[in-house]
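The values are calculated or read from the model by the stated rules, or taken from the named source; none is laboratory data. Because the structure is predicted, anything quoted here is derived from the model rather than measured. As a convention, Cβ positions derive from the backbone with ideal geometry for all residues, glycine included, and neighbour counts pool all protein chains shown.
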Amino acid sequence: MPFHYYLKVHFEYKYKCNSGLVSSNNELGSGFFLLTIDIGSIYFEPAPGQFINIYLNDEYGYMLPRPFSVFNIVKYENLGSAVQILYKVIGRGTKIISQLTKGDRVEFTGPLGNGFIIEGEKPLLIAGGVGIASLNFLARRFKENKIEPKVLIGVRDEMSYRAFNGIFNNLDIQFSIERGELDTIFKGNVIELYSISDIDYDVIYICGPTNMLKSFEEIYRSKNIITKVYCCLESRMACGVGACLGCSIPTKDGYRSCCVDGPVFEIGEVIWKDLT
Ligand SMILES: Cc1cc2nc3c(=O)[nH]c(=O)nc-3n(C[C@H](O)[C@H](O)[C@H](O)COP(=O)(O)OP(=O)(O)OC[C@H]3O[C@@H](n4cnc5c(N)ncnc54)[C@H](O)[C@@H]3O)c2cc1C
Ligand code: FES
């Protein structure tokens, strides 16, 4: 039995393996997709920042599961709900997911990991690209609590901007675009946008690639502002449940697993210079 299949079987005992049926899998453009999985009336109440591990197979058999943040939970009027993920096709697993069609069955475990602690009256959410997936769910939670978060999203180019613009209803968003020019949109990356922004905030939530988080940390330190900052890390993962040590993160308390101790960490916990 392949090791990863063993892991799957083993952890099904510990973490309930859910399944659902694809309701839609819409291509948004520029390699981004929004997948909606109907999960019926099973109990599934993730916190913002938590993720699911999707199991896939291809012609070689089972693959290691792929982690995706919960983008949204849709509650249907006639009972039942759906889990949504926003994803970008970058390799074999995401290519397979992009080929799923309505009615296909999807197996996943979750919710996994530690999500965001929700606090503050004036939250600022900063996302690099698909990092917006976990922050969208967080923003919705703030809005349910009658708090209007400010959101900064960095996209690479005009195509990515068009893919995103339209799926975030009723959020107060400023975009930055790295390549190309668009009137009214900041030209540069999202950390540059943050560095010149005069938004008043009392807590920051940020999610994006490691390099983006590292450059945020430098700018944030140089601003000498003392607020809580919660960072959602996009580490490479294998098992997703703390068994393989494949997602170790250097922290003040030694190495910790991103999948079970994170993926959300406070900014002061991580030793950024050692993070790869
Ligand atoms: C907690 C968590 C939440 C995530 N949420 C989302 C999400 O909501 N939407 C989304 O699109 N993606 C998300 N990701 C990333 C996603 O899991 C990967 O894009 C996916 O596993 C890639 O699988 P693949 O088989 O297509 O690519 P692979 O064939 O495995 O890899 C293709 C290339 O991408 C690189 N790569 C793969 N995974 C990562 C990663 N995590 N970080 C940096 N480089 C990587 C590989 O090194 C390789 O060069 C998340 C990751 C984590 C850890
Ligand atoms: S992915 Fe295996 S320990 Fe985190």
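Yes or no, residue by residue, for (1) more than 22 Å from Met212 (Cβ to Cβ); (2) away from ligand 2 (no atom under 16 Å from the Cβ):
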{"position": "Thr109", "(1), (2)": "yes, no"}
{"position": "Asn114", "(1), (2)": "no, no"}
{"position": "Gly120", "(1), (2)": "no, yes"}
{"position": "Leu124", "(1), (2)": "no, yes"}
{"position": "Ala127", "(1), (2)": "no, yes"}
{"position": "Gly131", "(1), (2)": "no, yes"}
{"position": "Ser134", "(1), (2)": "no, yes"}
{"position": "Arg140", "(1), (2)": "yes, yes"}
{"position": "Lys146", "(1), (2)": "yes, yes"}
- Task: Considering each residue of the range 191-204, count those that are out of contact with any helix residue (DSSP H, G or I) (no Cβ under 7 Å at 6 or more places or on another chain) and either within 13 Å of Leu124 (Cβ to Cβ) or outside the structural domain of Gly131 (by TED's automatic domain parsing) (or both), and give that number.
- Result: 9
- Residue list for the range 18-50, restricted to those being not charged (D, E, K, R) and not in a strand (DSSP E or B): Ser30, Gly31, Ser41, Ile42, Tyr43, Phe44, Pro46, Ala47, Pro48, Gly49, Gln50
- Query: Restricting the search to the range 57-83, which residues are surrounded by fewer than 19 Cβ atoms within 10 Å (Cβ to Cβ) and of a type in the set (A, V, I, L, M)?
  - Reply: Met63, Ile73, Val74, Leu79
- State which residue pairs qualify: first residue at pLDDT below 85 and inside the range 56-75, second residue part of a loop (DSSP other than H, G, I, E, B) and away from ligand 1 (no atom under 13 Å from the Cβ) in any location, beta carbons under 9 Å apart, and separation of 6 or more residues or different chains. Gly61/Pro2; Tyr62/Pro2
- Message: Going by what's in this entry, would Val74 be described as under 25 Å from Tyr161 (Cβ atoms), more than 16 Å from ligand 2 (Cβ to nearest atom) and in contact with a helix residue (DSSP H, G or I) (Cβ under 8 Å, 6 or more places away or on another chain)?
- Response: no
- Looking at Ile249, Ile206, which one is free of Cβ contacts under 8 Å to residues at least 40 places away in the same chain and either within 14 Å of ligand 1 (Cβ to nearest atom) or within 27 Å of Thr276 (Cβ to Cβ) (or both)? Ile249
- Of all the residues that make up the range 37-56, how many are of a type in the set (S, T, N, Q) and within 12 Å of ligand 1 (Cβ to nearest atom)? 2
- Query: In the range 134-168, what residues are touching a helix residue (DSSP H, G or I) at 6+ places or on another chain (Cβ under 8 Å) and outside any loop (DSSP other than H, G, I, E, B)?
  - Reply: Val151, Leu152, Ile153, Gly154, Val155, Ser160, Phe164
- When the range 221-260 is examined, which residues are found to be closer than 19 Å to Ile132 by Cβ and among the aromatic types (Phe, Trp, Tyr)? Tyr230
- Query: Are any residues in the range 252-274 surrounded by fewer than 19 Cβ atoms within 10 Å (Cβ to Cβ) and within 12 Å of ligand 1 (Cβ to nearest atom), and if so, which ones?
  - Reply: Val260
- Between residues in the range 99-112 that are in the same structural domain as Asp38 (by TED's automatic domain parsing) and of a type in the set (A, V, I, L, M, F, W, C) and residues that are surrounded by fewer than 20 Cβ atoms within 10 Å (Cβ to Cβ) and at pLDDT below 95, which pairs lie under 6 Å by C-beta distance while being six or more apart or on different chains? Phe108/Asn18
- Answer residue from the range 248-263, given it is touching a Ser or Thr at 6+ places or on another chain (Cβ under 8 Å) and in a strand (DSSP E or B) and is nearest to ligand 2 (Cβ to nearest atom) among those: Ser257
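Let me confirm something: among Leu171, Leu213, Leu182, which residue is touching a residue at least 12 places away in the same chain (Cβ under 8 Å), touching a helix residue (DSSP H, G or I) at 6+ places or on another chain (Cβ under 9 Å) and within 13 Å of ligand 1 (Cβ to nearest atom)?
Leu213 is the lone residue from the list that is touching a residue at least 12 places away in the same chain (Cβ under 8 Å), touching a helix residue (DSSP H, G or I) at 6+ places or on another chain (Cβ under 9 Å) and within 13 Å of ligand 1 (Cβ to nearest atom).
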- Condition met for Gly110 (part of a strand (DSSP E or B), more than 24 Å from Ile177 (Cα to Cα) and out of contact with any His (no Cβ under 9 Å at 6 or more places or on another chain)): yes
